[in-house]
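Worksheet: the structure to be examined is printed underneath.
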Amino acid sequence: MKIAVYPGSFDPCTNGHLSIIRRTAAVFDRVYVAILNNNSKNPLFTLDERIDFLTRITRDLPNVEIDCFSGMLIDYVHAKNAQVIIRGLRAVSDFEYEFQMALTNRKLAPDVETLFMATEARYSYLSSSIVKEVATLGGCLDDLVPDEIREDILQKTNKMGVL
Ligand code: PNS
């Protein structure tokens, strides 16, 4: 059984995240999408909201489970008997941070591999921060986030009125 963990903040999840989840689910037997539960990152969306968004957009993927974790990622990966951490790579600018994280995780747990999946070109500019900025400024989220969660994101950012 090949098991992958796709960790992240998902604040909120974007079409780029969904694309990585779908492509990972096509390659692995089981995929845990693991949301970091860490308030020090000051997420805009609550953990429950982020779980709900991801659950709704992955409904048609039976081998994907939405979960959360706190503490060390590698402990979570071991607890799930996963062999692989998946991270999406957009541009060169992602690389330094991702490389540092992958090497740290490798030092901590040499039995776990980090695999990078190249983003689809059409999503290479997309990030959760961009989505929050566009939504907060009243812009259109079409093609940036899955249709099922677009209104929920707009509602929340309308209420907040700030980034
Ligand atoms: O979507 P993000 O915010 O880029 O995801 C970052 C995440 C959650 C993968 C990373 O912050 C993480 O793994 N945090 C858990 C703490 C940990 O294990 N740190 C050691 C590896 S650097």
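The values are calculated or read from the model by the stated rules, or taken from the named source; none is laboratory data. Source: prediction; values computed, not measured. Virtual Cβ from ideal backbone geometry, glycine too; neighbours counted across all protein chains shown.
Tally time: how many residues in the range 50-86 are at positive phi and among the aliphatic types (A, V, I, L, M)? Of the residues in the range 50-86, 0 are at positive phi and among the aliphatic types (A, V, I, L, M). For the range 23-46, the set of residues classified as farther than 16 Å from Asp67 by Cα and charged (D, E, K, R) consists of Arg23, Asp29, Lys41, listed by residue number. When residues in the range 22-31 are screened for being crowded, with 22+ Cβ neighbours inside 10 Å and assigned to a strand (DSSP E or B), 1 of them pass. Taken as a whole, the structure places Gly88 among residues that are at pLDDT 95 or above and within 13 Å of the chain's Cα centre (by Cα). Here the helices (runs of 4 or more DSSP H) wholly within the range 58-136 that include at least 1 residues being within 19 Å of Pro146 (Cα to Cα) are 128-136. Just the residues that are farther than 19 Å from Ile86 by Cβ, surrounded by fewer than 16 Cβ atoms within 10 Å (Cβ to Cβ) and more than 14 Å from the ligand (Cβ to nearest atom), please, taken from the range 99-147. Within the range 99-147, Arg122, Tyr125, Glu133, Leu137, Gly138, Gly139, Cys140, Asp142, Asp143, Asp147 meet the criteria. For the range 1-46, a tally of residues being among the hydroxyl-bearing types (Ser, Thr, Tyr), within 14 Å of the ligand (Cβ to nearest atom) and more than 26 Å from Asp111 (Cβ to Cβ) returns 2.
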